[in-house]
Every structure is written in structure tokens, then in C-alpha cells.
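The values are calculated or read from the model by the stated rules, or taken from the named source; none is laboratory data. Because the structure is a prediction, the values reported are computed rather than measured. All Cβ positions, glycine included, derive from the backbone under ideal geometry; neighbour counts span all protein chains shown. Note: areas computed on protein heavy atoms with side chains; ligands, DNA, RNA excluded. Shrake-Rupley method; radii C 1.70, N 1.55, O 1.52, S 1.80 Å.
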Amino acid sequence: MSPILVVLAAIVAIAGFVILIYNGLVMKRQRVNQAFADVGVQLKQRQNRTRNLVETVKGYASHEKETLDAVISARNAAQSASTPGEMSAAEGMLTASLGKLFALAEAYPDLKANTNFLELQSELSSIEDKLAAARRFYNSAVQDYNTSREQFPGSIVAGMFNFEGREFFDVGVEGREALSTVPEVKF
């Protein structure tokens, strides 16, 4: 074989290898984007149900303004968050404030027996389960993508084509503290 054919074969092999790595990174990046969109859908449903839940509780416990305002504030922060880190922190605070709201409902037998409240509480519980699954899938996709772009030879291709790392969906220190704190209701 002539040296020109050997060089050409090597160039074709290297180009093919780079193309395979590039396409793999693109596929994993798209999986991360799709997973993040799925988390967003679940968060939007949760925020909508939260608004309905607050309105239902307002009719029974209108003098519990502080708790209701905390839920509304946390919901608004969750809606305005745009990055996974911001969303994680905001959603952790929303979860904590919803816990306080449900604890508050225990003190109002009429509210606790209200069909709308029970349905919304059940829907929120279902959405929480779906949201947890969507977060796990997103974090798994991010881990797979970030690993592929950081391992050799993927790191070379990722650097050449500006594949940026992605952030995990984590509630952070404040969110973990809020989630571990038992809601306190005073009368």
C-alpha cells in the first residue's frame, strides 16, 4: 500500500471517530434538553395547582395570611426561576411552604373535609411523584452528558465544538434545610 492511501485511511478513520463522538454528544445534549422540558411541564402543573389550592384555603382560613403569603411568594419565585439551580432552590422553598399549608389545613376540619381541597391535595401529591421522577431522569441525563463531554476523547471534541456542561437539578443547602424543617402552626 502506498503511504498516501495509509494517510488517507487514517484521516478518514479519525474523521469518522470525531463524527461519532460529536453525534453522541449532540444526542445526549438533546436528551438533557428534553428532560429539562419535562421537569418544566411538571413544575408548571404544580404551580397552577398551588394557586388553586391557595384560593381554596383562603375561603376557610383567611386570617392565616402569613402562611398563604409565603406560599404565594414561593410560587411566584418558582415561576420566575430560569436556570436549574434557581428552579431547584425556588421549588424547595415552595415544597416547604406547601408543607406548612397542609399542616395548617389539619387545624380546620371543614377545610380538611372540603372536596376541592382534597382533590387538589391529591393532584399535588401525584404531581410531586411525577416531578421527582422527572428530576431523577434529568439528573441522570445531565450526568451521562457531562461524563461523555469530560472523558477522553470526548473532551477534545466537546472543546472543539463548545459543548458546555449542564447543571444538576438540586435543591441546595437552603432547600434541604427547608425540606427537613417540620412545619410549625401556631394559633
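On inspection, Phe102 qualifies as open to solvent by less than 60 Å² (accessible area, probe 1.4 Å) and among the aromatic types (Phe, Trp, Tyr).
Here is a yes/no grid of residues against (1) among the small types (Gly, Ala, Ser); (2) surrounded by 12 or more Cβ atoms within 10 Å (Cβ to Cβ):
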site: Pro3; (1), (2): no, no
site: Ala9; (1), (2): yes, no
site: Gly24; (1), (2): yes, yes
site: Gln47; (1), (2): no, yes
site: Leu53; (1), (2): no, yes
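Is it the case that Gln79 is touching a helix residue (DSSP H, G or I) at 6+ places or on another chain (Cβ under 6 Å), closer than 26 Å to Ser140 by Cβ and open to solvent by 60 Å² or more (accessible area, probe 1.4 Å)? Walk me through how you get there before you give the answer.
Values: touching a helix residue (DSSP H, G or I) at 6+ places or on another chain (Cβ under 6 Å): yes; closer than 26 Å to Ser140 by Cβ: yes; open to solvent by 60 Å² or more (accessible area, probe 1.4 Å): yes.
Considered against the rule, which asks whether it is touching a helix residue (DSSP H, G or I) at 6+ places or on another chain (Cβ under 6 Å), closer than 26 Å to Ser140 by Cβ and open to solvent by 60 Å² or more (accessible area, probe 1.4 Å), Gln79 comes out as yes.
Could you count how many residues in the stretch 75-112 are without any contact (Cβ under 8 Å) to a residue 24 or more places away in the chain and assigned to a helix (DSSP H, G or I)? Adding up the residues that qualify gives 7. Taken over the stretch 153-178, the criterion of being at positive phi and either open to solvent by less than 40 Å² (accessible area, probe 1.4 Å) or at pLDDT below 90 (or both) is satisfied by Gly172 alone.
Among the residues of the stretch 1-59, the ones that are touching a residue at least 60 places away in the same chain (Cβ under 8 Å) and among the charged types (D, E, K, R) come to 6 in all.
Please indicate, with yes or no, whether at least one residue in the stretch 55-62 is outside any helix (DSSP H, G or I), on the phi < 0 side of the Ramachandran plot and surrounded by 14 or more Cβ atoms within 10 Å (Cβ to Cβ).
yes
Condition check for Glu150 on (1) acidic (Asp, Glu); (2) touching a residue at least 24 places away in the same chain (Cβ under 8 Å); (3) within 20 Å of Phe36 (Cβ to Cβ); (4) open to solvent by 70 Å² or more (accessible area, probe 1.4 Å): one failure, at (2).
Filter the stretch 126-142 for residues that are among the hydroxyl-bearing types (Ser, Thr, Tyr) and either over 12 Å from the mean Cα position of the chain (by Cα) or open to solvent by 50 Å² or more (accessible area, probe 1.4 Å) (or both) and give the result.
At the first step, the residues of the stretch 126-142 found to be among the hydroxyl-bearing types (Ser, Thr, Tyr) are 126, 138, 140.
Of everything in the stretch 126-142, those that are among the hydroxyl-bearing types (Ser, Thr, Tyr) and either over 12 Å from the mean Cα position of the chain (by Cα) or open to solvent by 50 Å² or more (accessible area, probe 1.4 Å) (or both) turn out to be Ser126, Ser140.
Run down Glu91, Glu123 and say which single residue is at pLDDT 80 or above, within 24 Å of the chain's Cα centre (by Cα), open to solvent by 50 Å² or more (accessible area, probe 1.4 Å) and of a type in the set (D, E, K, R). Reasoning before the result, please.
Values: Glu91 fails: open to solvent by 50 Å² or more (accessible area, probe 1.4 Å).
Residue meeting the stated conditions: Glu123.
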